[in-house]
Structure formats: structure tokens, C-alpha cells
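What follows is calculated from the coordinates using simple rules that are stated; it is not laboratory data. As the structure is a prediction and not an experimental result, all values here were calculated from the model. Glycine also receives a Cβ, built like all others from the backbone with ideal geometry; neighbour counts cover every protein chain displayed.
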């Protein structure tokens, strides 16, 4: 595969899922990704853990991110993130967010652009994903499973279709690697 690489499987994501279920108030506190005009993520719910502080176009071209309060609540993600950083020799942490896509919903085809896409490498940790949820990137298709960690080339056209019976929940992590 040219556009995907499965980096790990069998990661215990249950403690983090339990924290998410105990804190439903964290969803959609910040809607910068889902509410802007023409957003491919308009059918998603998000929790921002680390993101830019701006509200507009400047966000796409600013690689500098800040920690959001949800990071202090979802502590089960900390060791997973720092293990990933060690594994890929990360020298800087960019965006971290949790995205939820309900059954029957889609993330429409798009390419990530701007400084964020060229500066950082994109990873996804699947917290909940069932058969029927398809991730497409530049014509390659994968069905990612819960507990798997993937790299994918977000600068190419990609989309997600959730034809499963459950929410697809993933952690999106941007890292600057050596």
C-alpha cells in the first residue's frame, strides 16, 4: 500500500473509551473543523485536545498548536501518545483530536492542505471501528479496526464512509518526525 501503513494493532483503547463515555460534555465544544463552509467533516463530532488557537483561515497555515482543556480530562491518551512519539522519533506534537462519525455518515473526499499538512505527519488511532466502515485514500481502501494505529497520506484525496452499525471513533494525531 502506498497511502496507508498499519503501525500497530491490539492497543488497549478501552480505558480511553471509558473516559470518553464518562465525559460526553467534551464533544463539540469547539466546532472549527465541522462548521466552516464546505467542511468535509460536517457530519462528525470532535473533541479538540491540541489545536491552533485561531478561528479562521490562519489555522490551516499555522503549525503552532496549544493544549485544550480536554487533554487534562482524557488522561488515558497520554501514554499512548508518548509511546507513539518515541516509536516514530517525533520532535514536535501538532494537532490531536478525537473524531466521531455516526453510522450512515461520511467524511467527504478532500485533501488536507496548508502548512499543517506539509509540516506534520498524520496518524490515526482507532478507538471504535467496525466492519463496513471504509477509509479511502487516493483509490486505496482499508477497513481499520479498533486498537489499530495507522499512518496515512492526508495530502492525497481521502474520505471515510461509515456503513457499520456503530460510531467510528478515532484519534487524529499530527507529529513532526525526523
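Values as computed for the structure displayed
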item	result
Mean Cα-pair separation over length for the chain, i.e. relative contact order, pairs under 8 Å, 6 or more apart, %	29
Scattering profile of the range 77-133 at q = 0.19 Å⁻¹ [log10 I(q)/I(0), Debye over alpha-carbon scatterers]	-0.92
Residue 177 paired with residue 25, simple spin-label distance in nm, labels 7 Å along Cα-to-beta-carbon	3.8
Amide N proximity, the range 8-42 versus residue 75 label position 7 Å along Cα-to-Cβ, cut-off under 20 Å	12-27
Additional length obtainable on full extension of the chain from residue 17 to residue 141, 0.36 nm per residue less Cα span	42.1 nm
Whole-Å semi-axes of the ellipsoid equivalent to the range 82-169 (Cα gyration tensor, √5λ, descending)	23, 16, 11
Principal axes of the range 4-177: Cα extent on each, largest first, Å	36, 32, 32
Helix-only mean residue ellipticity at 222 nm for the chain, each DSSP H run of n ≥ 4 adding -39500 (n - 2.57), per residue, nearest 500	-5000 deg cm²/dmol
Cβ-based exposure ranking for 146, 53, in which fewest neighbours within 10 Å come first	53, 146
